[in-house]
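First comes the structure, then the notes that go with it.
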Amino acid sequence: MTESGGQLRGMEMSDEKWGWIEVESMHLAYPEDLAAIGLLTHGIASTPSAAFNTPFGPAVRGEPGAIQLQGGPDLKDVEEIIQPDDGNPDDRTVARYPLPRPIQPGEWVEVEVAFTSQMPEIFARTGVSGNFVLGGQWFPKIGIFEDSGDRGRVEPGWNTHQFHADSEFFADFGDWDVRLTLPLEYEGKIGATGQIIEETTDSTNVTVRFQQPGVHDFAWTADPDFIVLEELFDPDIDVPAEQTRQIAEILGLPDEELRLQPVMIRLMLQPAHRSQARRYFDAAKAAIRGYGLRLGAYPYPTLTMVDPPRGGQGAGGMEYPTFITLGTHPILNLPPFKKIRMPETVTVHEFGHNFFQGMIASNEFEEAWIDEGMNSYYEMLVMEEFYGSMIEVLGLRATSLEMDRLQLGSGRYTDPVVQPAWKYLSNGSYGLNSYARPAVTLRHMENILGPETFHRAMRHFFQTWRFRHPTTADFEQIMQEATDEDISWFLEQAFHTEKGLDYRVRTAKSQKTKDRKGWFWEDGVQVLYGKDHDHRRDDHDEDSEAEEEEQDLDSDADGENDDVEGDEEEKIYRTEVVIERRGEFKHPVTIELVFDDDERIRHQWDGQDKWTKIIETRPAKLLWAEVDPDHLMVLDVDPLNNSYRLEQDSTPANKILVNLSFWFQNFFDLMSILG
């Protein structure tokens with residue numbers, strides 16, 4: 001299937017090609033009473049396909065009014081509403097139109113589609129709220145024809161899924177040239193995917209033309225109340241040279257290869273949020289820089305950011321190519337809430353979708369984690385890099401990683417990460433396994449593989465598959481090729497099972513032993529312990545052994561060296577630590593024992609059995625034992641059980657108590673003043 005415009009897969013026709021998809025035009029008709037009637041959209045599409053994914057369900061009402069072959073019959077008469085995923089008869093989001101005869105290689109057919117859709121009040125990120133309009137998922141989407149071999153497909157055929165509540169997008173790339181016509185009051189207040197090419201007005205309407213090549217969707221917005229601000233991302237100003245140098249060193253690339261491009265950022269802002277414009281712009285620039293340096297430059301000259309109004313928050317937090325919707329509240333610009341970085345987090349996350357699934361155009365219906373999980377991982381990096389934390393309020397601080405780890409819960413997952421969106425047990429399971437769990441998994445992989453290996457592999461994956469449609473198998477192949485070690489054991493458990501990871505220190509004790517007498521092995525040599533002996537020797541020191549044994553007998557006979565209370569003999573402790581695997585995820589672990597003589601001893605365990613026991617006999621008492629002392633295993637769902645201290649340390653609890661006391665005192669003081 002040659003994609004529209006031919007830019008990405010090629011535009012040459014041959015016997016092996018099936019044709020191309022091209023949206024020729026979409027025309028907007030605006031009724032007088034928007035609030036009462038809803039926004040009507042009309043469009044015409046030219047296509048050789050016979051399968052459509054339409055957003056015409058409970059949220060957006062409508063259907064194709066006609067679908068006609070040029071010079072042929074109206075296919076509306078043979079329309080079939082199908083449910084290829086779950087057979088739900090109430091789902092009317094996929095239509096099939098059988099052609100009179102098959103299209104042969106080298107042939108082409110032109111199909112004209114006339115459709116009308118009525119937008120609802122804001123729902124699922126699309127619709128109308130007062131005079132605010134967000135047009136997303138507003139036209140019938142043409143199904144994807146896949147050849148054998150595409151994304152692991154065995155037989156050629158259409159890939160067209162129902163528009164499920166928890167699923168998003170999968171579409172071919174194309175070149176878009178769109179004109180939007182609205183009442184004159186919207187002049188200068190219309191935004192959409194791509195660049196504004198021209199804007200014309202008459203006595204009643206304004207028409208804006210947008211163009212954008214090389215993207216797989218188009219969305220738009222309008223609101224006469226928008227404050228429209230523009231600011232340039234200038235890599236010469238907005239990219240610190242030191243950050244470029246550090247990331248280039250990790251990637252093993254010269255600084256010049258990380259060069260980014262200028263981007264004009266257009267912010268369409270609600271008046272109530274005017275004071276938060278700086279937060280939006282700073283977050284967008286941090287994201288353009290953070291994603292671009294690690295993966296490759298954002299390739300488009302524009303980025304449009306939409307701030308929905310109060311009552312239209314359902315349109316927030318959404319992504320389309322070069323076009324994202326945000327979300328905030330006026331209270332977030334007041335102390336002590338200014339460091340609840342919701343506006344920043346949403347901006348970084350939605351911008352990141354221009355990389356995953358904007359350029360890495362995976363099938364979100366079938367493998368949502370490639371889009372949401374990978375993007376959430378890079379969002380985590382940018383937030384930590386630029387802001388340090390995601391939330392700082394009332395003395396409490398949490399990073400993006402910590403917030404994601406909290407969502408892992410007990411690790412008793414009901415579904416694997418890799419699974420079609422409509423097959424998860426619940427919306428909560430879909431969210432966990434598409435966002436937080438894969439994001440933390442990628443951070444775990446970065447930790448165990450090392451930053452250089454991991455980030456070089458991720459950049460290779462992105463550069464190899466951008467403007468294409470990769471699968472989990474493609475990702476796993478590149479990650480496996482990046483390391484000399486077999487990591488299939490990790491990939492299988494992390495992405496394809498419900499197994500949770502949890503290791504803990506079950507018990508730990510360290511007790512003084514009775515005085516030892518005789519020869520003991522320590523550090524590869526033998527040590528003689530007795531009443532006043534502490535002698536080391538090697539295995540061949542037999543003459544010395546005989547001589548010392550004779551001296552020892554003489555001393556005992558004389559009774560001159562009897563043990564008395566208060567002697568200075570070395571105390572010996574027998575330390576015993578039991579490590580337990582509580583989860584089903586099997587993972588090699590490091591265990592560190594810390595003694596009161598400041599010595600730290602580490603043990604490696606393959607983690608396969610349910611438990612292992614470590615025994616140390618040495619002249620020092622155990623202070624604490626810890627699983628994963630370097631804190632690399634971030635998939636471990638309960639880090640609180642990773643350590644065991646023989647003597648309690650009340651310092652952390654005291655710190656929390658002091659902070660709580662401080663805030664309670666301030667609260668009651670405030671109440672007394674208000675009273």
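Bear in mind these aren't lab numbers, they're just calculated from the coordinates by the rules spelled out. The model shown is predicted, which means the values in this text are computed figures rather than measured ones. Positions of Cβ are backbone-derived with ideal geometry, glycine not excepted, and every protein chain shown enters the neighbour counts.
Taking the Cβ-Cβ separation of W108 and D609 as r and a Förster radius of 60 Å, what is the calculated FRET efficiency to the nearest 0.05?
That gives a FRET efficiency of 0.40.
What list of whole percents do you get for P(r) of the range 391-496, with Cα-Cα distances grouped in 10 Å bins up to the one holding the largest distance?
Distribution as computed: 12, 39, 35, 12, 2 percent.
Given the peptides 190-198, 410-418, arrange them by the average over their residues of other C-beta atoms within 10 Å, most packed first.
190-198, 410-418
Starting from the Cα-Cα distance between D234 and R600, subtract it from 0.36 nm times their residue separation and give me the gain in nm to one decimal.
126.8 nm is the gain from fully extending D234 to R600.
At a 10 angstrom cut-off on C-beta neighbours, averaged per residue, how do the peptides 85-96, 215-226 rank from highest to lowest?
For the peptides 85-96, 215-226, the packing ranking is 215-226, 85-96.
Pop the C-beta distance of R101 and L425 into the FRET formula with R0 = 41 Å and round what comes out to the nearest 0.05.
Result of the calculation: an efficiency of 0.40.
S117's amide H: which non-local residues (gap 5+, or another chain) put their own amide H closer than 5 Å, with H modeled 1.01 Å from N in plane and none for Pro or chain starts?
T41
Just report the Cα centroid separation between the range 136-205 and the range 496-515, whole Å.
Taking the Cα centre of each part, the range 136-205 and the range 496-515 sit 55 Å apart.
Take the range 289-448, drop everything but the C-alpha atoms, weight them equally and run the Debye formula without solvent; then report log10 I(q)/I(0) at 0.10, 0.16 Å⁻¹ to two decimals.
Values returned for q = 0.10, 0.16 Å⁻¹ are -0.38, -1.01.
I'd like to know how the range 222-305 sits against the 2.2 N^0.38 Å rule of thumb: what's its Cα Rg over that expected value?
Normalised by 2.2 N^0.38 Å, the Cα Rg of the range 222-305 equals 1.24.
May I ask you to work out the translational diffusion coefficient for the range 120-253 at 10 °C, viscosity 1.306 mPa s, via Stokes-Einstein with Rh from the Kirkwood sum over Cα pairs, reported in whole µm²/s?
85 µm²/s
Work out how much length E385 to S410 would gain on full extension: take 0.36 nm times their residue separation and subtract the Cα-Cα distance, in nm to one decimal.
6.2 nm
On full extension of the chain, what length is gained from Q211 through D77, given 0.36 nm per residue of separation minus the C-alpha to C-alpha distance?
44.8 nm
Once the mean 1/r over all distinct Cα pairs of the range 581-650 is inverted, what Kirkwood radius in angstroms do you read off?
About 13.1 Å for the range 581-650.
Can you tell me the order of 452-463, 233-244 when each peptide is scored by its average per-residue count of other Cβ atoms within 10 angstrom, highest first?
452-463, 233-244
Using only Cα atoms, what Kirkwood radius does the range 271-371 have, in angstroms?
14.3 Å
If R0 is 45 Å, what FRET efficiency do you get for R245 and Q511 from their C-beta distance, rounded to 0.05?
That pair, R245 with Q511, gives E of 0.25.
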